[in-house]
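Q: My questions all concern the structure below.
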Amino acid sequence: MQGQIRRAARRFRLPGACLICLLAWMAAPSPARADAEPAGGLQSRDNAWWTGPMLANSAETLPQGHVLAEPYLYDIISEHSDSFGSRTYLLYGLADRFTVGAIPAFGYTRVSGGPDSSGVQVADTTLQAQYRLTRFHEGSWVPTISIQLQETLPTGTYDHLDDRPADGMGNGAYTTSIGINSQTYFWLPNGRILRVRVNISAGFSSRVNVHGASVYGTDNNFRGNARPGNTVSVDTSLEYSVTKRWVLALDLLFNHNDNTTVTGHTTTGTDGTSPVAVRQNSGSSQAYGFAPAVEYSWTPNVGVLLGARVILGGHGTSSSITPAIALNYVN
């Protein structure tokens, strides 16, 4: 696993270093426009601009009539493939406590020793609604807490992949996820702000009809169904306000997936008519990882994030590294 991470890091080193240097050059403050820091005491929250960390969603909701757009570009680098993708958060403040939106996604996979995707593919699309229960106030121990509901729609291809397995960008299921997002602020001994998020969510998927080769590992002659296992995710993020514009961020994540069951039949023999019953169990899996990132904001409403998610592996999970860049815009 360490060798795989090292190989992925070598592949990311040159473009990642170029991006970091470019962002640093664009954003480096000159003496004439240096950030105004607090004269003393504690940093005010108005003096800290955030884009948000790489993974943990905000517990805040948008003011009524306001919008957020945050497109991500990323590359999931594993031992035998590169999965390039985009994922865009499009959110709207329907009411001060209630935000709705959609998260479309696209992808393209390049495979070592096999056919690549036939082109850019549509992945599964997520609809999101979030209701805020409480809001953080300085001097109070109560954090901002919200309930988040997501419904993932099976818009991505998942079966009939006989010629192009890399075209599989979805899982074919309707997946309902419900989560609790929380966010609070701490002032460190140097007066700077540390923003902390803790998010917990669970996902439940419908049964999926499967025909032919699929993302579930079935062959060209398979006919049957799959039942994706339930999921539980925990994500804790830390964001340290270095200056008004610059923030260092870190996500710590844990995912658990229950067993996925595939049942049906396939055919064998020279005439392809001999039926064979199929029952496959993936077994449960767990993944641990972290995602360091750097945030820079030109204004309180526009910023950029550069980071990388590192999956260390776990029971039934392979390791990977995912460099990513995102632009955050709030109106």
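Q: Ranking request for peptides 79-85, 233-239: highest mean number of other beta-carbon atoms within 10 Å first, then the rest in descending order.
A: Highest to lowest by the protection proxy: 233-239, 79-85.
Q: Once the dipole of the range 39-107 is set up with Lys and Arg at +1 and Asp and Glu at -1 on Cβ about the Cα centre, which of PRO53, ALA102, TYR74 lies farthest towards its positive end?
A: ALA102
Q: So if I average 1/r over every pair of distinct C-alpha atoms in the range 211-293 and take the inverse, what Kirkwood radius in Å does that give?
A: Every distinct Cα pair counted, the radius reaches 16.1 Å.
Q: Can you find, among GLY203, TRP246, ASN281, the residue farthest towards the positive end of the dipole of the range 153-301? Put +1 on the C-beta of Lys and Arg, -1 on that of Asp and Glu.
A: Sorting the options by dipole projection puts first TRP246.
Q: Here is a follow-up. Using a simple spin-label model with points 7 Å from Cα along the Cα→Cβ vector, what separation in nm is obtained for THR176 and LEU327?
A: Once both label points are built, they end up 3.7 nm from each other.
Q: Within the set of other residues whose C-beta is less than 14 Å from the C-beta of PHE186, count the net charge using Lys and Arg as +1 and Asp and Glu as -1.
A: Net local charge, PHE186 excluded: +2.
Q: Now, a different point. Can you give me the distance in nm between label points at VAL278 and PHE254, each placed 7 Å from the Cα along the Cα-to-Cβ direction?
A: 3.5 nm
Q: Roughly what would the spin-label model give for LEU127 and THR267, points 7 Å off Cα along C-beta, in nm?
A: If labels sit at LEU127 and THR267, their model points lie 3.9 nm apart.
Q: State whether the chain is rounded, prolate or oblate according to the following rule on the C-alpha gyration tensor (a ≥ b ≥ c being the square roots of its eigenvalues): a/c under 1.5 gives rounded; otherwise a/b larger than b/c gives prolate, and the remaining case gives oblate.
A: Here the chain falls in the prolate category.
Q: May I pose another question? Just to be sure I understand: if I project the alpha-carbon convex hull of the range 58-184 onto a plane and average over all orientations, what area do I get in nm²?
A: Mean orientational projected area (the range 58-184, Cα hull): 9.3 nm².
Q: Highest first, please rank the peptides 191-197, 247-253, 51-57, 108-114 by the mean number of other Cβ atoms sitting within 10 Å of their residues.
A: Taking the mean over residues of other Cβ atoms within 10 Å, the ranking is 51-57, 247-253, 191-197, 108-114.
Q: With charges set only on the Cβ (+1 for Lys and Arg, -1 for Asp and Glu), what does the dipole of the range 217-331 come to about its Cα centre, in debye to the nearest 20?
A: That gives a dipole near 80 debye.
Q: Provide the net charge surrounding ARG164, with neighbours chosen by a C-beta distance below 13 Å and charges set as Lys +1, Arg +1, Asp -1, Glu -1.
A: After counting each charged neighbour, the total is -4.
Q: Oh, and also: With axes computed from alpha carbons, what is the tilt in degrees of helix 2-27 against the longest principal axis of the chain, rounded to the nearest 10 within 0 to 90?
A: That helix lies at roughly 40 degrees to the long axis.
Q: Magnitude of the Cβ-charge dipole of the chain, K/R +1 and D/E -1, about the Cα centre, nearest 20 debye?
A: 600 debye
Laboratory data are not the source of any read-out in this text; all were calculated from the coordinates shown. Fair warning: this is a prediction, and the values are worked out from it, not measured in the lab. When we count neighbours, we look across all protein chains shown, and the Cβ atoms used for this are built from the backbone with ideal geometry, even at glycine.
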